[in-house]
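Before any comments, here is the structure.
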Amino acid sequence: MYPSSFATTPSSLFSSIRTSLRPAGLAVRGLVLAALASALAVPAFAVLPAYVAVGQAGSVLTSTDGAAWISRSSGVSSRLRSVASRAGVLVAVGEAGTVLRSTDGITWSAGASGVVETLRGVVAGPSGFVAVGGRNSSLILTSADGWTWLNASAPGLGALRSVAFSGSRYLAVGSGGTALTSTDGATWSPVAVGTTQSLDATVWTGTTFWVISASGTLRSSTSLTKWSVDRISPAAWIEAFTWSDKLLVAVGGGGTIKTTTDGEKWTSRTSGTAAAMHGVTWTNPSSKTRKSLPSELHFN
């Protein structure tokens, strides 16, 4: 199960265009048309879909409401593992160092990660994007724009599988109980989680870091110094989930997509694909109305 992370979408194109010029033939008409063109030339992120999911064989799905999904061409056949968005830019990462970038969720272009290892997680932060992965040791990359990526300073611990951001601190987790934290995404230090068990996913719920393992162990902490340990029973089909101000969206094997408003009653959605979906994100996490993740989730 691999949660994801999010970015910002403006709510309107423009409010009005006014001019004090009197009609004066083509010259004034040209000025008015130029003003209209300028007002309409808003950044591409004004039309970002609300939800974006990625997965097997380069699959990309987009949705405006979490219910109806449209397949998009990513231009690659490699497995995509995670997706995040920031300031109108979407970034997806995956096998063999694959990095894709989009400003509308429809057209995707390849970035240059500079690595061949699989990237399993990506998250957005105040300075750009942080991607994690690796084969035999921790690999962390940072990028301000999703195009150019730099290696971060990371301890040589286990390969990383997921990364989350709280608004002030990053947490990355992975094999052998590896957990690393950073305040800037560039310099990382180890965190003691209290296990050598592989950690498959981490997510910031709005109040707490969750760290989840495939065995069904959930560790939670608000400080990264003291951890509570619980048992959960995640459904086998779940690969990732994200939530917004109204809806929680979960994706997984066989193109499965389900949504819930309360964490208990789920509605199956038609994805139009049989490909496994590994990552999903909501593109407007800065929304002031976004709620914390439900304290109890019942996957079925």
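For this structure, a couple of remarks:
- Any chance G133 is under 16 Å from S78 (Cα atoms) and either touching an Asp or Glu at 6+ places or on another chain (Cβ under 6 Å) or aliphatic (A, V, I, L, M) (or both): yes
- If you filter the stretch 113-124 down to residues that are in contact with a helix residue (DSSP H, G or I) (Cβ under 7 Å, 6 or more places away or on another chain) and within 17 Å of Q56 (Cα to Cα), you find that the one that is surrounded by the fewest Cβ atoms within 10 Å (Cβ to Cβ) is E117.
- Residue within the stretch 209-225 that is among the small types (G, A, S), touching a strand residue (DSSP E or B) at 6+ places or on another chain (Cβ under 7 Å), buried (at least 16 other Cβ atoms within 10 Å of the Cβ) and under 26 Å from A57 (Cβ atoms) present: no
- Options A110, A57, A92, A96: the member that is of a type in the set (A, V, I, L, M, F, W, C), within 15 Å of V132 (Cα to Cα) and surrounded by fewer than 24 Cβ atoms within 10 Å (Cβ to Cβ): A96
Residue by residue, here is whether (1) at pLDDT 80 or above; (2) not polar (S, T, N, Q) holds:
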| residue | (1), (2) |
| --- | --- |
| T217 | yes, no |
| V229 | yes, yes |
| S244 | yes, no |
| G252 | yes, yes |
| E264 | yes, yes |
| P294 | no, yes |
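- Scan of the stretch 144-156 for residues that are under 23 Å from H278 (Cβ atoms) and surrounded by fewer than 19 Cβ atoms within 10 Å (Cβ to Cβ), ordered by number: W147
Yes/no per residue for (1) within 15 Å of A275 (Cα to Cα); (2) out of contact with any Ser or Thr (no Cβ under 8 Å at 6 or more places or on another chain); (3) not β-branched (V, I, T):
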residue: A50; (1), (2), (3): no, no, yes
residue: V60; (1), (2), (3): yes, no, no
residue: R72; (1), (2), (3): yes, no, yes
residue: A87; (1), (2), (3): no, no, yes
residue: L100; (1), (2), (3): no, no, yes
residue: G105; (1), (2), (3): no, no, yes
residue: T118; (1), (2), (3): no, yes, no
residue: V122; (1), (2), (3): no, no, no
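- Condition met for L141 (under 16 Å from the mean Cα position of the chain (by Cα), surrounded by 20 or more Cβ atoms within 10 Å (Cβ to Cβ), without any contact (Cβ under 8 Å) to a residue 60 or more places away in the chain and assigned to a strand (DSSP E or B)): yes
- Per the listing T196, T202, T208, T225, the residue uniquely within 21 Å of the chain's Cα centre (by Cα) and more than 23 Å from W266 (Cα to Cα) is T208.
- Residues (under 17 Å from T118 (Cβ atoms) and in contact with a Ser or Thr (Cβ under 6 Å, 6 or more places away or on another chain)) located in the stretch 153-173: A154, L157, G158, A159, L160, S162, V173
- Unique residue being free of Cβ contacts under 8 Å to residues at least 60 places away in the same chain, on the phi < 0 side of the Ramachandran plot and among the β-branched types (V, I, T) when the list is V203, V229: V229
- Counting only strands (runs of 3 or more DSSP E) wholly contained in the stretch 28-104, the ones carrying 1 or more residues that are within 16 Å of the chain's Cα centre (by Cα) and modelled with pLDDT of 85 or more occupy 51-55, 60-63, 80-86, 89-94, 99-102.
- The residue that is surrounded by the fewest Cβ atoms within 10 Å (Cβ to Cβ), among those in the stretch 158-192 that are outside any strand (DSSP E or B) and touching a Leu at 6+ places or on another chain (Cβ under 6 Å), is V191.
- The stretch 193-208, residues that are of a type in the set (A, V, I, L, M, F, W, C) and not in a loop (DSSP other than H, G, I, E, B): A201, V203, W204
The values are calculated or read from the model by the stated rules, or taken from the named source; none is laboratory data. This is a predicted model, so every value here is computed, not measured. Don't worry about glycine lacking a Cβ; one is built from the backbone with ideal geometry, like all the others, and counts go over all protein chains shown.
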